[in-house]
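J.: One structure coming up, written as structure tokens, with questions to follow.
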Amino acid sequence: MRVSAAALCVAAIVPAFAAAASIPAAAPVLARTQVEGTRIPLQKRASFLQADGAVDLASLVRHVGFITTKLNRGFAAFEKNTGAPHPLSLLVSTDENNTVWAGTLAIGTPAKEYSIDFDTGSADLFLPGKKCGDSCADRQRFDPAASSSARDLNKTFALTYGDGSQVKGQQWADVVASGGLKATTQTIGVAGNYSDGFTRGFDGLVGLGFQHISVYNATPFFQTLVNEKQTDSPVFGMKLADGNSELFLGGTNSKLYSGEPIYVPVREEGYWQVDLDALTVRGNTTAKKLTSIIDSGTTLILGDDDSVSAFYANIPGAKQLVNSPGMWSGTYFLILGDYTGTVAYGGGYAFSAWPISPASFSIGPVSAGSSDCIAGVASGGTSFWVVGDVFMQNVYTIFDAGQKRVGFANLA
């Protein structure tokens, strides 16, 4: 769907992202030799395109609002769990996701398989419970009473979303497995209701961020695998694409990338937060010294209003989307053209640039048959950047929880 939409828009823009060269350090867990781990095939479960090929703008606008709500929820959890405010929490002016990357996990005893949205921008796992009503229609429900290994933690949870709706229920501990990796004491939120806006096509969600942003203040799924010695590599890798997408737990899948990865240090252990050094388009640097969060749960690349406006000011014919709600005031049409932009990671270190394909940069035409496309870089009401799958679809991304860094590599 996204390829056909981009075909209408031709080469709207071809920006490139860059990351720092590796900071000199021993990195045995990221050696190209394959380590023992397990791969989870991922499928794209939703699109912002309507039946006529045009972008569903209302859904896209709501997606951006829910992203800021998700981040705010994580910031609040960070302060509650650590006793100090997250440094970025003061920069948010304002989740539910309309595009998800879903795979399968086996949960309970006997194990049942559930379709799961894997989200690096949160840290908790939740599923619809047996008593979840119409909002959980067409989803497989989890019944703790049917699992001999389930244990009631006697705690509740509530996750609030941008439309005012909530996911709330009880916390349980149970077995969560993928391939040969098994977390035997994983905290699971068993929901009595789901937000009405949740994308159909998946049952639950698992967060792959750090514990400091856990609303439950519980160990996230991947860290539980590491703690329980299910893998000797505290690393997972992601390839997000229209085909052959996967999450690899316990190392990386070296068949999916070429060359050596380039790493950027995590600055605050909560989100996968890394420094974004410069934003450049057509040879002009439009922003410097920014902060970014790498988030597989975000479709777009979201930045602050001024930097995004400066970015598009350097692209002839780019124009702001009219009648867009105030929560998303920095969204633009992008007419035909072939331009180059870069985002540089890594301060004074050498960097490599990865081009973003027109197919992933263009969300789709503003109306059926139009050559005006809604572009994948927008402002999201924050003073930091959230880098989602518009970028991640063009690289192999490595999340190293052991050395607290993020790696990027060329796709094979």
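J.: From the residues in segment 318-330 that are out of contact with any Ser or Thr (no Cβ under 7 Å at 6 or more places or on another chain) and either at pLDDT 80 or above or under 28 Å from Thr120 (Cα atoms) (or both), which one is surrounded by the fewest Cβ atoms within 10 Å (Cβ to Cβ)?
T.: Once the filter is applied, the top-ranked residue is Gly326.
J.: From the residues in segment 288-312 that are of a type in the set (S, T, N, Q) and over 14 Å from Asp389 (Cα atoms), which one is surrounded by the fewest Cβ atoms within 10 Å (Cβ to Cβ)?
T.: Selected residue: Ser309.
J.: Being in a strand (DSSP E or B) and not aliphatic (A, V, I, L, M) is the filter here; which residues of segment 392-404 pass it?
T.: Answer for segment 392-404, where residues must be in a strand (DSSP E or B) and not aliphatic (A, V, I, L, M): Tyr396, Thr397, Phe399, Asp400.
J.: Taking segment 183-200, which residues are part of a strand (DSSP E or B) and modelled with pLDDT under 95?
T.: Of everything in segment 183-200, those that are part of a strand (DSSP E or B) and modelled with pLDDT under 95 turn out to be Ala191, Gly192, Asn193.
J.: Can you tell me which residues in segment 276-300 are among the aliphatic types (A, V, I, L, M) and touching an Asp or Glu at 6+ places or on another chain (Cβ under 9 Å)?
T.: If we filter segment 276-300 for residues that are among the aliphatic types (A, V, I, L, M), which is where we start, we get 276, 278-279, 281, 287, 290, 293-294, 300.
Of everything in segment 276-300, those that are among the aliphatic types (A, V, I, L, M) and touching an Asp or Glu at 6+ places or on another chain (Cβ under 9 Å) turn out to be Ala287, Leu290, Leu300.
Here is a yes/no grid of residues against (1) surrounded by fewer than 19 Cβ atoms within 10 Å (Cβ to Cβ); (2) modelled with pLDDT under 95; (3) in contact with a helix residue (DSSP H, G or I) (Cβ under 7 Å, 6 or more places away or on another chain); (4) more than 25 Å from Thr82 (Cβ to Cβ):
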position: Gly133; (1), (2), (3), (4): yes, yes, no, yes
position: Ala146; (1), (2), (3), (4): yes, no, no, yes
position: Arg151; (1), (2), (3), (4): yes, no, no, yes
position: Phe157; (1), (2), (3), (4): no, yes, no, no
position: Phe202; (1), (2), (3), (4): no, yes, no, yes
position: Val206; (1), (2), (3), (4): no, yes, yes, no
position: Phe210; (1), (2), (3), (4): no, no, no, no
position: Phe221; (1), (2), (3), (4): no, no, no, no
position: Pro234; (1), (2), (3), (4): no, no, yes, no
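J.: Considering only segment 335-391, state which residues are modelled with pLDDT of 80 or more, assigned to a loop (DSSP other than H, G, I, E, B) and either assigned by TED's automatic domain parsing to the domain that holds Gly121 or buried (at least 20 other Cβ atoms within 10 Å of the Cβ) (or both).
T.: Result: Gly376, Phe384, Gly388.
The values are calculated or read from the model by the stated rules, or taken from the named source; none is laboratory data. The structure presented is a predicted model; accordingly, all values stated were derived computationally and were not measured. Please note: Cβ atoms are built from the backbone with ideal geometry, for glycine as well, and neighbour counts cover all protein chains shown.
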